[in-house]
Each structure stands twice: as structure tokens, then as C-alpha cells.
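A.B. asks: Before we start, here is the structure in question, set down as C-alpha cells.
The values are calculated or read from the model by the stated rules, or taken from the named source; none is laboratory data. None of these values were measured; they are calculated from a predicted model. Please note: Cβ atoms are built from the backbone with ideal geometry, for glycine as well, and neighbour counts cover all protein chains shown. To get the accessible areas, we keep the full protein, side chains included, count just its heavy atoms, and leave off ligands, DNA and RNA. Shrake-Rupley method; radii C 1.70, N 1.55, O 1.52, S 1.80 Å.
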Amino acid sequence: MSFSNEVRQEIYSTINDNDKKFACLYGMLIYCKSISRENITLQTESSVTARLFNELVKSVFKDKIHISVHESVKKNDNKLYTCTITDKNEIDIVLKRYFIDVENRFINQEIVVNNSLGVFTAGVFLSCGSVNDPSKEYHLEFAAPCRRLAEELQLILLDIGVNAIFVRKNMYVVYIKESESIEDTLTYIGAQQCTIELMNVKIFKDVRNKANRLANCDSANIDKVVNAALKQIDNIKIIAETVGLNSLTPELREVAELRLENTDMSLQEIGNSLKTPISRSGINHRFKKLEKIAN
């Protein structure tokens, strides 16, 4: 099951009283694909959304409204569920109950205030929202049917501290990229378990990234030590093949011989291995002298 469907499934399980059903259905209706006096159409790839829409209409309108559900297969092999109300009298009942102006769709604040704004936003998500798998990308979006509804949704999210971005492509899209803002939004619409799942994924990704950074850092340090040691060995071999190691002072000869015998030793380890141990900087100074002699 995709993460989006996990969110939808959790929302479905929370719509359990009449006020929530009324508010959730309002969000689904006002943000659905098409709403006019001829038809009301909600399209979704989620069987959970299609089932909940059907159940909410039956519950809110006491079985007075008939919905036809058509199932088809898209080019990407995903199923598409089209829920439609076509009877004009029934459409009129729905529009009057929710005070919906089909020519100018907007959120009726009186309806929303009397119920839960969070549940209403959950209905909006079910109707036109989606969220990516957090292990791949942080992205939650709502594809609103018109500019005004996109702007009003943006304001609702801003009220809970979520700064969503509104753009117009072929449609009006309100999207969120920050993981913390996605967490706040999921919690707000009633998907607390999915919020926890997202947070766990984020913790795992942070730990993995830190581990990778440490591994890369260790690898870089090892490469640096190896390259330095190879350079030091080259210098010592040049000296040995020309003037000979016996030409060196006892201190430099001791360091040179230790390096030839221990190619993987760090500077500090060489310093500790001397008859009279010295610091890392002292060893580094002696290798610079050897380099100067080699040159």
C-alpha cells in the first residue's frame, strides 16, 4: 500500500460521527473534479476514497442520493474510480444542503466553523490530495479545481503554521515540501499514525546520512594518510639510493627506517614508537626535513 493510501485509510477510520461525516463530505464535494447542476463527479485512484464518498453521501442524506461508481483502468494500469451523481433533483438537494454555488465555488465558513476544520481539510485531501513516500521525497500536494479554492486552502494551512506554496500549472496546486510542515498537516487531518511513520523514516534517513558522512570522512582520512606515507617512502628511497640513509642524523634515520618498516602507521604512531617519543608535529617536522634532503 502506498503512503498516500495509508493516509486515506487512517482518515477513513477516524470519520466516525455525524459532524465529522458532514464536514468531511463537504471537503470532498467542494474540491471534487466536477460539480454543476447536471452532475457531481469525484474521480480517484483510491478505492478507500470512493468507498468513503459513497458511505458519507448515504449517511448525510439518509439514502436519498444515488451514486453510480464506474471503475476503469488507466494507461499506467492503475484503477480509476469515477463516482457520479446525475439526477438533477438529487444534485439540487446536495447543493442546497451545503450552500454550494456551482458558478463560484468557495468555502462557506459558517459550515466549516460549525464542524471540524481539520476533518473538512481531510475531505479536501481525499478529494484532491496526495503525499509521496517519505523514504523517497517529502512532498504533499492538493490539486484544487479553481484558483479561489486553492488560495482559501492555502490560508487554512497558514492558520496551523504551514506555509504551503500555491502555483498554477495546468491546474491550481497547493504543495508542501518541508517535512515538519507535512507532519503538521497529516496530524491536522487526522493521520497521526502516518505522522509517526514519517518521523521514523526521517530519523532513519538522518542516522543513515550521518553514518555515510562519517564513513566518507574516514575513507578520505585514510586516503590522505596513505598518500602522505607513500610520498614519505618515495623521499626516503631517493635518499637511500643516492647518498644513503647513513648520511642522515640518527633522529632522521630512525624515523626513515620506521616508516619503511610500517607503511600504514600514522604520524602519531611513529612518534610513539621512537626510542624517545615525540609529538605528531615533531614527526611531521622530521619528514619535512627528509623531503627537503630528497629534493
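A.B. asks: Scan region 168-187 for residues that are within 16 Å of PHE3 (Cβ to Cβ) and part of a loop (DSSP other than H, G, I, E, B) and jot them down.
C.D. replies: Once the filter is applied, which keeps residues that are within 16 Å of PHE3 (Cβ to Cβ) and part of a loop (DSSP other than H, G, I, E, B), region 168-187 yields only LYS177.
A.B. asks: Could you check region 254-293 and list, in sequence order, the residues that are assigned to a helix (DSSP H, G or I), open to solvent by 20 Å² or more (accessible area, probe 1.4 Å) and among the hydrophobic types (A, V, I, L, M, F, W, C)?
C.D. replies: Within region 254-293, LEU258, LEU260, LEU267, ILE293 meet the criteria.
A.B. asks: What residue, of ASN235, ASN246, ASN212, is polar (S, T, N, Q) and within 30 Å of LEU140 (Cα to Cα)?
C.D. replies: Working: ASN235 fails: within 30 Å of LEU140 (Cα to Cα); ASN246 fails: within 30 Å of LEU140 (Cα to Cα).
Only one candidate passes the filter, namely ASN212.
A.B. asks: Taking the condition closer than 17 Å to GLU151 by Cα and loosely packed, with under 14 Cβ neighbours inside 10 Å, does ILE165 pass? Please lay out each step first, then the result.
C.D. replies: Values: closer than 17 Å to GLU151 by Cα: yes; loosely packed, with under 14 Cβ neighbours inside 10 Å: yes.
So ILE165 passes the test.
A.B. asks: Now a separate question. Is there a residue being of a type outside the set (Lys, Arg), surrounded by 15 or more Cβ atoms within 10 Å (Cβ to Cβ) and closer than 21 Å to ALA150 by Cβ anywhere in region 84-91?
C.D. replies: The answer is no, given that none of the residues of region 84-91 is of a type outside the set (Lys, Arg), surrounded by 15 or more Cβ atoms within 10 Å (Cβ to Cβ) and closer than 21 Å to ALA150 by Cβ.
A.B. asks: Another question, if that's okay. Yes or no: region 84-103 includes at least one residue that is in contact (Cβ under 8 Å) with a residue 40 or more places away in the chain and in a strand (DSSP E or B). Steps first, please.
C.D. replies: Taking region 84-103 first, the residues in contact (Cβ under 8 Å) with a residue 40 or more places away in the chain are 84-86, 88, 91-92, 94-95, 98, 100, 102.
Within this subset, residues satisfying the condition of being in a strand (DSSP E or B) are 84-85.
Yes.
A.B. asks: If you don't mind, there's one more thing I want to ask. How many residues does region 18-47 hold that are assigned to a helix (DSSP H, G or I) and farther than 21 Å from ASP77 by Cβ? Break it down into steps so the answer makes sense when it comes.
C.D. replies: Step one: list which residues in region 18-47 are assigned to a helix (DSSP H, G or I), which gives 18-30, 47.
Filter once more, keeping what is farther than 21 Å from ASP77 by Cβ: 18-30.
Here the count works out to 13.
A.B. asks: Could you run through region 173-189 and say how many residues are hydrophobic (A, V, I, L, M, F, W, C) and more than 15 Å from PRO134 (Cβ to Cβ)? Full working, then the answer.
C.D. replies: Within region 173-189, the subset hydrophobic (A, V, I, L, M, F, W, C) is 173-174, 176, 182, 186, 189.
Still in the running and more than 15 Å from PRO134 (Cβ to Cβ): 173-174, 189.
The number of residues fulfilling the criteria is 3.
Each row is one residue, and each column tells you yes or no for (1) part of a helix (DSSP H, G or I); (2) of a type outside the set (Phe, Trp, Tyr); (3) in contact (Cβ under 8 Å) with a residue 12 or more places away in the chain.
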residue	(1), (2), (3)
TYR12	yes, no, yes
ASN16	no, yes, no
THR49	yes, yes, yes
LEU56	yes, yes, yes
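A.B. asks: Any chance you could count how many residues in region 1-39 are open to solvent by 30 Å² or more (accessible area, probe 1.4 Å) and of a type in the set (A, V, I, L, M, F, W, C)?
C.D. replies: 2
A.B. asks: Is there a residue being open to solvent by 40 Å² or more (accessible area, probe 1.4 Å), modelled with pLDDT under 90 and under 18 Å from ASN5 (Cα atoms) anywhere in region 53-72?
C.D. replies: Yes - at least one qualifying residue is present in region 53-72.
A.B. asks: Anything in region 243-253 that is over 14 Å from LYS288 (Cβ atoms) and either under 48 Å from the mean Cα position of the chain (by Cα) or part of a helix (DSSP H, G or I) (or both)? List them, or say none.
C.D. replies: Residues satisfying the conditions are LEU245, ASN246, SER247, PRO250, ARG253.
A.B. asks: Do we have TYR81 as part of a strand (DSSP E or B) and aromatic (Phe, Trp, Tyr) here?
C.D. replies: yes
A.B. asks: Next question, about the same structure. So GLU141 ticks every box in (1) closer than 21 Å to LYS33 by Cα; (2) in a helix (DSSP H, G or I); (3) open to solvent by 50 Å² or more (accessible area, probe 1.4 Å) but one. Which box is left unticked?
C.D. replies: (2)
A.B. asks: A follow-up question, please. Among the residues of region 188-242, how many are buried (at least 17 other Cβ atoms within 10 Å of the Cβ) and under 16 Å from the mean Cα position of the chain (by Cα)?
C.D. replies: 7
A.B. asks: Which of the residues spanning region 146-162 are in a loop (DSSP other than H, G, I, E, B) and open to solvent by less than 20 Å² (accessible area, probe 1.4 Å)?
C.D. replies: Let us first name the residues in region 146-162 that are in a loop (DSSP other than H, G, I, E, B), namely 146, 160-162.
Once the filter is applied, which keeps residues that are in a loop (DSSP other than H, G, I, E, B) and open to solvent by less than 20 Å² (accessible area, probe 1.4 Å), region 146-162 yields only VAL162.
A.B. asks: Hey, any hits in region 122-131 for a residue that's at pLDDT 95 or above and of a type in the set (Phe, Trp, Tyr)?
C.D. replies: yes
A.B. asks: Do any residues in region 180-208 that are aromatic (Phe, Trp, Tyr) have Cβ atoms under 7 Å from those of residues that are outside any helix (DSSP H, G or I), where the two are at least six apart or on different chains, and which pairs are they?
C.D. replies: TYR188/ILE160
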